[in-house]
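Undergrad: This is the structure I want to talk about, given as structure tokens.
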């Protein structure tokens with residue numbers, strides 16, 4: 001199973017959702033891979049504890065090699081890095097990813113990620129892809145490579161306005177490139193259940209027939225603390241309410 005976590009709006013929790021679902025997946029003994037396609041590298045830093053500028057073997061190498069006919073290539077298993085947690089690995093991002101975009105686009109390398117990840121399904125049970133906050137070459141590659149798409153929604157009026165365009169973009173990718181891609185659901189994130197506006201926004205999505213997932217993720221300082229410690233919630237505060245919500249969300253997906 002290959003899942004992409006995607007939203008064109010930044011700050012909606014893509015990396016937090018990607019990494020915490022992946023960490024829960026690994027904790028349940030699924031061999032799990034996180035692919036970080038965001039040049040900011042938040043998922044890579046979160047799981048490996050190092051800024052992407054300090055990493056030598058990354059997804060940049062894989063994509064750069066796809067532009068070359070050289071026989072001197074780093075094998076993909078050298079680029080995939082184990083985390084400190086059993087069954088959880090990362091293909092990390094690199095801050096220079098954007099420098100490759102025009103060349104990759106012009107050489108039509110948009111299926112390279114899919115080809116590689118299909119091969120990696122021989123080694124991993126679950127693959128999660130973190131994406132940049134834009135519909136660019138990298139996020140389109142991820143949508144083409146995936147079976148399922150999760151859309152984070154942060155209970156903001158601007159997110160609501162952008163959702164229709166986002167769903168239209170995904171539908172277009174499905175029609176043109178990947179008929180196997182399904183929108184698995186909208187993940188309500190940073191929910192404040194006592195506030196009226198978030199409740200109204202979420203109910204509006206449901207009333208409009210959007211696939212809102214039944215588990216909503218609360219806002220908590222524990223998430224920021226886990227980022228600072230480079231430790232997903234299931235390993236940092238396994239009994240916290242937000243951790244339980246992530247576990248319930250993961251179980252609802254599988």
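Undergrad: Tell me whether region 142-149 contains one or more residues that are buried (at least 24 other Cβ atoms within 10 Å of the Cβ) and farther than 26 Å from residue 68 by Cα.
TA: Yes - at least one qualifying residue is present in region 142-149.
Undergrad: What number of residues within region 214-253 satisfy the criterion of being in a loop (DSSP other than H, G, I, E, B), without any contact (Cβ under 8 Å) to a residue 12 or more places away in the chain and under 19 Å from the mean Cα position of the chain (by Cα)? Quick ask: steps written out before the conclusion?
TA: Going residue by residue through region 214-253, those that are in a loop (DSSP other than H, G, I, E, B) are 214-217, 219-220, 230-232, 237-240.
Pick out the ones that are also without any contact (Cβ under 8 Å) to a residue 12 or more places away in the chain and you get 231, 238-239.
Then drop every residue that is not under 19 Å from the mean Cα position of the chain (by Cα), which leaves 231.
So the answer is 1.
Undergrad: Could you grab me the full set of residues in region 81-111 that are under 13 Å from residue 141 (Cα atoms) and either in contact with a helix residue (DSSP H, G or I) (Cβ under 6 Å, 6 or more places away or on another chain) or buried (at least 19 other Cβ atoms within 10 Å of the Cβ) (or both)?
TA: Taking region 81-111 as the starting set, the residues that turn out to be under 13 Å from residue 141 (Cα atoms) are 101, 104-105, 108-111.
Passing the criteria: 101, 104, 105, 110.
Undergrad: Identify the residue in region 104-120 that is assigned to a loop (DSSP other than H, G, I, E, B) and over 19 Å from residue 131 (Cβ atoms) and, among all such residues, is nearest to the chain's Cα centre (by Cα).
TA: Of region 104-120, the ones assigned to a loop (DSSP other than H, G, I, E, B) are 107-111.
Next, from what is left, pick out any that are over 19 Å from residue 131 (Cβ atoms): 107-108.
Details: 107: 25, 108: 23 Å.
Among those residues, the one meeting the criterion is 108.
Undergrad: Say whether the condition of being buried (at least 19 other Cβ atoms within 10 Å of the Cβ) and either out of contact with any helix residue (DSSP H, G or I) (no Cβ under 8 Å at 6 or more places or on another chain) or at positive phi (or both) is met by at least one residue in region 129-136.
TA: No, that holds for no residue.
Undergrad: Let me ask another. Quick check: anything in region 65-79 more than 14 Å from residue 126 (Cβ to Cβ), assigned to a helix (DSSP H, G or I) and touching a strand residue (DSSP E or B) at 6+ places or on another chain (Cβ under 9 Å)? I'd like the intermediate steps shown before the answer.
TA: Keep residues of region 65-79 that are more than 14 Å from residue 126 (Cβ to Cβ), which gives 65-79.
Going one step further and asking which of them are assigned to a helix (DSSP H, G or I), we end up with 65, 76-79.
Of the ones still in play, those that are also touching a strand residue (DSSP E or B) at 6+ places or on another chain (Cβ under 9 Å) are 76, 79.
Scanning region 65-79, I find at least one residue that is more than 14 Å from residue 126 (Cβ to Cβ), assigned to a helix (DSSP H, G or I) and touching a strand residue (DSSP E or B) at 6+ places or on another chain (Cβ under 9 Å), so the answer is yes.
Undergrad: Would you be able to say whether some residue in region 91-103 is in a loop (DSSP other than H, G, I, E, B), without any contact (Cβ under 8 Å) to a residue 12 or more places away in the chain and over 20 Å from the mean Cα position of the chain (by Cα)?
TA: Residues of region 91-103 in a loop (DSSP other than H, G, I, E, B): 92-96.
Right, trim to without any contact (Cβ under 8 Å) to a residue 12 or more places away in the chain and you get none.
No, region 91-103 contains no residue that is in a loop (DSSP other than H, G, I, E, B), without any contact (Cβ under 8 Å) to a residue 12 or more places away in the chain and over 20 Å from the mean Cα position of the chain (by Cα).
Undergrad: Are any residues in region 17-54 free of Cβ contacts under 8 Å to residues at least 60 places away in the same chain, crowded, with 24+ Cβ neighbours inside 10 Å and assigned to a helix (DSSP H, G or I), and if so, which ones?
TA: 44, 52
Undergrad: Separate question: Of the residues in region 149-206, how many are at positive phi and at pLDDT 90 or above? Step through it out loud before you land on a result.
TA: Narrowing region 149-206 to residues at positive phi: 155, 185, 190.
If we keep only those that are at pLDDT 90 or above too, we end up with 185.
Adding up the residues that qualify gives 1.
Undergrad: Now for a separate question. Consider residue 235 carefully, then state whether it is surrounded by 13 or more Cβ atoms within 10 Å (Cβ to Cβ), at negative phi, modelled with pLDDT under 95 and out of contact with any helix residue (DSSP H, G or I) (no Cβ under 6 Å at 6 or more places or on another chain). Before you say what the answer is, go through the steps one by one.
TA: On the way: surrounded by 13 or more Cβ atoms within 10 Å (Cβ to Cβ): yes; at negative phi: yes; modelled with pLDDT under 95: no; out of contact with any helix residue (DSSP H, G or I) (no Cβ under 6 Å at 6 or more places or on another chain): yes.
Here the answer is no, as residue 235 does not meet what is asked.
Undergrad: Further question on the same structure: Part of a helix (DSSP H, G or I), touching a strand residue (DSSP E or B) at 6+ places or on another chain (Cβ under 6 Å), over 12 Å from residue 13 (Cβ atoms) and in contact (Cβ under 8 Å) with a residue 12 or more places away in the chain: does that describe residue 205? I'd like the intermediate steps shown before the answer.
TA: Working: part of a helix (DSSP H, G or I): yes; touching a strand residue (DSSP E or B) at 6+ places or on another chain (Cβ under 6 Å): yes; over 12 Å from residue 13 (Cβ atoms): yes; in contact (Cβ under 8 Å) with a residue 12 or more places away in the chain: yes.
Judged against the criteria, residue 205 is a match.
Undergrad: Looking at region 156-174, is at least one residue surrounded by fewer than 16 Cβ atoms within 10 Å (Cβ to Cβ) and in a loop (DSSP other than H, G, I, E, B)?
TA: Within region 156-174, not a single residue is surrounded by fewer than 16 Cβ atoms within 10 Å (Cβ to Cβ) and in a loop (DSSP other than H, G, I, E, B).
The values are calculated or read from the model by the stated rules, or taken from the named source; none is laboratory data. What you are looking at is a predicted structure, and each value in this text was computed from that prediction instead of being measured. Here the Cβ is made from the backbone with ideal geometry for all residues, glycine too, and neighbour counts use every protein chain on show.
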